[in-house]
Amino acid sequence: GMLVVNNKALNKYGFEILSQLPKPTMAVELSHVFKSYFKALAYAKIPQLILNAFLKDTYVTNRNKQATEYHIPEYQMYKSTKMHLKYKLPKFEELAALQYNNGIYISTMLNGNFAYVSNRSEGLNYFAFVLFEKKREALFAYLKRHRILCGKHFNHSLSWALANGYTMGDCPLFEEKVEQIITVPCNYGLSNDELNKIIYHLLEFRKTHLS
């Protein structure tokens, strides 16, 4: 795997910790090589065709029948994908509608006190509620103090762009907005009290920090 730390201050510390890890022995290196070749062979086209020949439709059908004979909810995950989607899709649609309505509710209750990404399309949904705030750092700290989850999305995108040849002034709107983006949750798991707490503290912040 790969560890990504978006904090330059931790680079030296992270390097020191990683340098303390034991170096792999020859046996470990060879085992990794063997596993890699084995996986490459196992997932090659011809072995896959042979495997598929053994897994006839009758086997798959019987296996699904065995799994779906259990009526305990924990066993529902063992249904085939097709049957599982039939079981879950109505619930997914219900939760998606709830999340969409949560986003609309927040935007309505903010009553023009914040700039935000508006989503009025039925074909789209809110991943999170996106605000634009010139005093983002102050708002971020304020929400954290009141135990409200918030995020600074695309926080490093300008530095990444500069590192890859971007010139300041090419996209002034991007440069302005990327420093203002902050998100708050609007997911379907939030209760009405939690939604209202988010809205209350946003409006309280605006009273003391005029845009």
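Every number here is computed from the coordinates shown, using simple stated rules; none is lab data. The structure presented is a predicted model; accordingly, all values stated were derived computationally and were not measured. With ideal geometry, Cβ positions are generated from the backbone for all residues, glycine too; neighbour counts draw on all protein chains shown.
A few comments on the model shown:
- Amide H contacts of Tyr116 (H built 1.01 Å from N, under 5 Å, at least 5 apart or other chain): Phe132
- Packing-based ranking, highest mean first, of 33-41, 198-206 given that Cβ atoms within 10 Å are counted: 198-206, 33-41
- Computed lengthening from Ala141 to Ala163, 0.36 nm per intervening residue step minus Cα-Cα distance: 5.1 nm
- With the convex hull drawn over the C-alpha atoms of segment 132-211, the volume per residue is 103 Å³.
- With R₀ set to 30 Å, the beta-carbon distance separating Leu95 from Phe38 gives a calculated FRET efficiency near 0.15.
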